[in-house]
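Enquirer: Once you've had a glance at the structure underneath, I'll fire off some questions.
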């Protein structure tokens, strides 16, 4: 009898969790009259080897279904290669397109509770390079579209 009660309780708990997870996913797109800012980052400190951080950072500014973004590629320097991107957010599915100094960049994937999981496609000349990524959500520390120099100071713009 005890086994059946715990199995039933477990089943109810699972159904509740699934309902909450589905409801949370539906909240990826902010209301039409609001703006949501989020940043996902996969940076490693490799200063001892390369002189600066290495990895990627994706900053999103979501206005309803419309998204403006900045993808920063850190290649061992504190000055990243930046790509300004624009696109849409449908449910939790993100589709962005833009350019950096080397060529066209596309970002496609899904925003989750703790991660962005997707693909970054970079075009350099006529070659296409595809990279599967899982980038962790970063706690907000400053405005996402500031330069790396200002962001490293950990002060919001206008705080003097």
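Enquirer: If you go through the stretch 34-46 one residue at a time, do you hit one that is under 14 Å from residue 121 (Cα atoms), touching a strand residue (DSSP E or B) at 6+ places or on another chain (Cβ under 9 Å) and at pLDDT 90 or above?
Expert: No, that holds for no residue.
Enquirer: Still on this structure: From the set of residues in the stretch 102-140 that are outside any strand (DSSP E or B) and out of contact with any strand residue (DSSP E or B) (no Cβ under 6 Å at 6 or more places or on another chain), which is surrounded by the most Cβ atoms within 10 Å (Cβ to Cβ)?
Expert: The extreme case among them is 112.
Enquirer: Of all residues in the stretch 44-63, which are surrounded by 14 or more Cβ atoms within 10 Å (Cβ to Cβ) and over 16 Å from the mean Cα position of the chain (by Cα)?
Expert: Within the stretch 44-63, 46, 50, 52, 53, 54 qualify.
Enquirer: Restricting to the stretch 64-101, count the residues that are under 11 Å from the mean Cα position of the chain (by Cα) and surrounded by fewer than 17 Cβ atoms within 10 Å (Cβ to Cβ).
Expert: 0
The values are calculated or read from the model by the stated rules, or taken from the named source; none is laboratory data. Please read these numbers as outputs of a predicted model, since none were measured by experiment. We place every Cβ from the backbone using ideal geometry, glycine too, and count neighbours over all the protein chains shown.
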